[in-house]
Amino acid sequence: MSRMRLYARFADEERWKDAEKQWLVQGWEPVAGFRPFAPVEVHASPGPPFGLWVALAGLGCASVMFLFETYVAVWSWPLSLGGKPDFSWPAFVPPAFEAGILGAATVALGLGLHALTHQPPETRPLDFPDEGGFWWAVEGEDGEALYASALALGTEHCVWEVLP
């Protein structure tokens with residue numbers, strides 16, 4: 001006997017939830033469910049603090065650049081030009097600022113690309129029919145018994161698929 005998948009549409013969310021419980025009790029496998037809106041009890045997480053990571057990267061790059069310029073101008077290669085002191089920090093600020101902007105932009109680009117390419121799975125993992133309502137996809141061996149069970153649970157509409 002071939003394996004069947006039944007897509008069953010329900011009128012409201014209560015019947016949809018009851019159908020899952022009943023099918024699990026009867027031994028059927030509800031593969032996936034679809035509801036036209038997010039459940040009320042689920043709250044969207046704010047996500048990772050991208051702004052914090054970008055700010056830390058900018059400040060870190062600016063600090064490293066400032067320390068690098070200080071090392072070069074004071075210890076590694078001190079030049080006495082026009083009598084200015086070796087640690088002439090106002091001259092170090094513009095390159096450090098630019099390094100901070102470059103570091104923050106690079107981290108923002110990397111985090112943005114990571115966020116775009118690592119999206120959560122779709123809310124419709126199976127190919128549900130493009131009709132509104134609450135759907136369950138249920139798999140089983142005995143298609144007639146599964147169909148009778150779906151009718152007993154009060155489905156509005158059923159669609160069959162024979163699995164390979």
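Search segment 25-52 for residues being of a type in the set (A, V, I, L, M, F, W, C) and either in contact with a His (Cβ under 7 Å, 6 or more places away or on another chain) or farther than 30 Å from GLY110 by Cβ (or both), and hand back the single one that is modelled with the lowest pLDDT. Looking at the filtered set, the residue picked out is VAL40.
Residue-wise test of (1) in a helix (DSSP H, G or I); (2) of a type outside the set (D, E, K, R); (3) modelled with pLDDT under 80.
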{"position": "MET1", "(1), (2), (3)": "no, yes, yes"}
{"position": "ARG5", "(1), (2), (3)": "no, no, no"}
{"position": "ASP18", "(1), (2), (3)": "yes, no, no"}
{"position": "TRP23", "(1), (2), (3)": "yes, yes, no"}
{"position": "VAL54", "(1), (2), (3)": "yes, yes, no"}
{"position": "LEU59", "(1), (2), (3)": "yes, yes, no"}
{"position": "SER63", "(1), (2), (3)": "yes, yes, no"}
{"position": "VAL72", "(1), (2), (3)": "yes, yes, no"}
{"position": "GLN119", "(1), (2), (3)": "no, yes, yes"}
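Scanning segment 149-164 for residues that are small (Gly, Ala, Ser) and in contact (Cβ under 8 Å) with a residue 24 or more places away in the chain gives SER149, ALA150, GLY154.
Taking GLY140, is it in contact with a helix residue (DSSP H, G or I) (Cβ under 9 Å, 6 or more places away or on another chain), closer than 17 Å to ARG5 by Cβ and modelled with pLDDT under 85? Answer is yes for this residue.
The values are calculated or read from the model by the stated rules, or taken from the named source; none is laboratory data. Since we're looking at a predicted model, the values are computed, not measured. So basically every Cβ, Gly included, is an ideal-geometry build from the backbone, and we count neighbours across all protein chains shown.
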